[in-house]
Structure formats: structure tokens, C-alpha cells
Amino acid sequence: MRSVVLTVAMMAWGLASAVGAEADRQAKDEAAIRKAVESYVAAFNQGDAKALAGMWASEGVYTNPFSGEQVAGREAIEKQFAGIFSGEKGVQLTATTEAIQFVSPNVAVEQGTARVVRPGEQPEESEYTAVYVKQDGQWLLDRVTEEDVPAPVPSHYEQLKELEWMIGRWVDQDDLATVVTECNWTKNNNFLTRSFTVQIRDRIDMAGMQIIGWDAAAKQIRSWVFDSDGGFGQGTWKKKGNRWYIQQSGVLPDGRKSSAVHIITYVDDNTCTLQSVNRTVDGELLPNIDEVKITKE
């Protein structure tokens, strides 16, 4: 029995040793690839076409990111870089390695971001994937593909962030009705959406959706609202102190025109109040709606 236990223990130790050795080997290979990237950048910035070509595998294929032309082999790659350096003086390259994955002990894939700067021009960035092969103990480039870095998506978060406290589920309730509002950001934080339901006892009486966004032309916050009865409206937002004044105009389901000023007062991140004044329908003045307290759940 003891011999069996010893055998199992020795096998486990051997497996652990093998795993540790593999991790050490990969760590050394990753360091070597990162060093190769540094050497590649240095040779490029020195305009040394011969040194660059020497960092490619004998059958490596280089794709010129500017022309799309492909060349294979070190001699052709050296000529390609020599032409680039003679035609574009002062070009500088930086590269940032994001990840290195090993497909096999002799093949690795590096992913990173490259930045090319030409005198008097804006920098150009691209995301690249480089395939390395290990030959005679040296990691050499075999293939490189590049894609332009996507331009950042414009966002109006800076203009809307003062309304971020509205995110969440809010409830206004009395003995007769319950109004529930849920507010969320849309993708890229360009709009806030507020869905609402009005429940009379156990029945949903009305529902709707409000969209709040930044009007870049008018330089102000604007909103649009639509309800399940068929009414709709739009409003412009102005802030004074801790109060937001929404000047809203709309069309009722029967075609009559309406207007009102809604006043939202920020109390804290979990409390606000709502009041509606200067309400009209087809020019006829209606009573104000008293201020109500709304809380976040």
C-alpha cells in the first residue's frame, strides 16, 4: 500500500514539475518576443531595412499597411522597407503589446497597437496581430495583419451627467394610484430613457416612454415623451439651483394641443419632487398639479 502511495505522490510531483517547467519556458519565450518587438521598433525608427528583414522568418510574408502590397522572404522584405524609408523620411513607430498567446511551443500570436508618426502629420494608430515562429531558438515574424483603430463613439455624457442621479426605479404612490418610473442610460451614454406606468389599484391605466438627450445644435437638454393613449410631446430643460424646469408642449390623443412647465427638484440621490404648473389645453388654463414626493426603491 505504501508503495502505491509513493508512486502516486511521485507522479503528482512529476506532473507539477512539468507544469512548472512549461510555465517557465513560456515566460522566457514571452520575454523574448517582447524584446523582439522593442528591437523591431528601434530598427524601424533608425531606418535600418536590413535589420528589420532579419527579424522575419525566411518565408515570412509582409503586407505593406499603406499600399496593401505583399512580399515574401527576407530579401523582398528588405527591399520593401528600404523603399518605405527612402520615400518617407523621419517616420517614427511605437508599438504596445496587449497580449501574447502560444499556439504551440514554436508558434505564438502577439496582439498589440501600433502608432506611426510622420513629420507634420497627425499620428496614425492601428491594431495588429503578429504571428511568430521559433526557428533555431529565435522568435521571428511570419505574418502581420493590421486594422485601423476604431474612432471613439461620440458621447454626450458630459452634458447629461447632471441627470445621472435619476438612474434607477422611482415610485410615487397614494391611496388611489401608483406611478413607477424606471430610468436607464442608453449605449454610449448619449440618452437617458425613462419608462413609466400609471397603475390605478390593480390595473395599469397608462404607460409610456420618455427619452432625454442633448441637442447639440441648440446647446441644451431636450426630451421627447410618448404615452400608450397616443399622446406625445417634447420639452426643453433648464437648471436653476437644484431644480430642473421642463417647458413641455404636446399633442393629446384627440388632437388638442397641450403645454406645461414641469418642475423636478433634486433633494438627494434617493428623493426628488415633481410639480406641474402653467398647464394649458388648446389655450385654456388648467389647475396646477401640487408638488409630490418621489422616492427611489
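So here's what we get for this one:
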{"read-out": "Test for Glu146: is it touching a Phe, Trp or Tyr at 6+ places or on another chain (Cβ under 8 Å) and either open to solvent by 80 Å² or more (accessible area, probe 1.4 Å) or farther than 30 Å from Ala23 by Cβ (or both)", "value": "yes"}
{"read-out": "Test: residue in region 247-260 that is more than 20 Å from Ile212 (Cα to Cα) and in a strand (DSSP E or B)", "value": "yes"}
{"read-out": "Given (1) charged (D, E, K, R); (2) at pLDDT 90 or above; (3) out of contact with any Lys or Arg (no Cβ under 7 Å at 6 or more places or on another chain), number of the condition Glu182 does not satisfy", "value": "(3)"}
{"read-out": "Verdict on Asn64 being of a type outside the set (A, V, I, L, M) and out of contact with any Lys or Arg (no Cβ under 7 Å at 6 or more places or on another chain)", "value": "yes"}
{"read-out": "Whichever residue in region 211-226 is under 14 Å from Phe196 (Cα atoms) and open to solvent by 30 Å² or more (accessible area, probe 1.4 Å) and, among such residues, is nearest to the chain's Cα centre (by Cα)", "value": "Ile211"}
{"read-out": "Matching residues, region 191-220, being at pLDDT 95 or above and in contact with a Leu (Cβ under 7 Å, 6 or more places away or on another chain)", "value": "Leu192, Ile212, Trp214"}
{"read-out": "Top-ranked residue of region 236-246 - restricted to ones that are assigned to a strand (DSSP E or B) and in contact with a strand residue (DSSP E or B) (Cβ under 8 Å, 6 or more places away or on another chain), ranked as surrounded by the fewest Cβ atoms within 10 Å (Cβ to Cβ)", "value": "Lys238"}
{"read-out": "Those strands (runs of 3 or more DSSP E) lying entirely in region 84-149 with at least 2 residues at pLDDT below 90 and farther than 20 Å from Asp48 by Cα", "value": "124-135, 138-148"}
{"read-out": "Where Asn64 falls short, out of the listed (1) polar (S, T, N, Q); (2) open to solvent by less than 30 Å² (accessible area, probe 1.4 Å); (3) at pLDDT 90 or above", "value": "(3)"}
{"read-out": "Residue ID - modelled with the lowest pLDDT, chosen from residues in region 67-83 that are in a strand (DSSP E or B) and hydrophobic (A, V, I, L, M, F, W, C)", "value": "Val71"}
{"read-out": "Region 250-267, residues that are more than 35 Å from the chain's Cα centre (by Cα) and either loosely packed, with under 15 Cβ neighbours inside 10 Å or among the hydrophobic types (A, V, I, L, M, F, W, C) (or both)", "value": "Val251, Leu252, Pro253, Asp254, Gly255, Arg256, Lys257, Ala260, Val261"}
{"read-out": "Cross-chain or 6+ apart pairs with Cβ under 8 Å, region 191-213 first and over 24 Å from Gln247 (Cβ atoms), then open to solvent by less than 40 Å² (accessible area, probe 1.4 Å) and polar (S, T, N, Q)", "value": "Gln199/Thr178"}
{"read-out": "Verdict on Arg169 being exposed (fewer than 14 other Cβ atoms within 10 Å of the Cβ), assigned to a strand (DSSP E or B) and touching a residue at least 24 places away in the same chain (Cβ under 8 Å)", "value": "yes"}
{"read-out": "Where a residue in region 28-46 is in a helix (DSSP H, G or I) and its partner, wherever it lies, is open to solvent by 60 Å² or more (accessible area, probe 1.4 Å) and at pLDDT below 95, with Cβ under 6 Å and at least six apart", "value": "Asn45/Gln92"}
{"read-out": "Scope region 268-294; condition open to solvent by 60 Å² or more (accessible area, probe 1.4 Å), at negative phi and in contact (Cβ under 8 Å) with a residue 24 or more places away in the chain; matching residues", "value": "Asp269, Asn270, Leu274, Glu291, Lys293"}
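Residue-wise test of (1) open to solvent by less than 30 Å² (accessible area, probe 1.4 Å); (2) of a type in the set (Asp, Glu); (3) under 35 Å from the mean Cα position of the chain (by Cα); (4) under 24 Å from Pro123 (Cβ atoms).
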position: Ala57; (1), (2), (3), (4): yes, no, no, no
position: Gly60; (1), (2), (3), (4): yes, no, yes, no
position: Gly68; (1), (2), (3), (4): no, no, yes, yes
position: Ile77; (1), (2), (3), (4): yes, no, no, no
position: Gly87; (1), (2), (3), (4): no, no, no, yes
position: Gly90; (1), (2), (3), (4): no, no, yes, yes
position: Thr94; (1), (2), (3), (4): no, no, yes, yes
position: Phe102; (1), (2), (3), (4): no, no, yes, no
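The values are calculated or read from the model by the stated rules, or taken from the named source; none is laboratory data. All of these numbers come straight from a predicted model, not from anything done at the bench. All Cβ positions, glycine included, derive from the backbone under ideal geometry; neighbour counts span all protein chains shown. Only protein heavy atoms, including side chains, enter the accessible area calculation; ligands, DNA and RNA are left aside. Shrake-Rupley method; radii C 1.70, N 1.55, O 1.52, S 1.80 Å.
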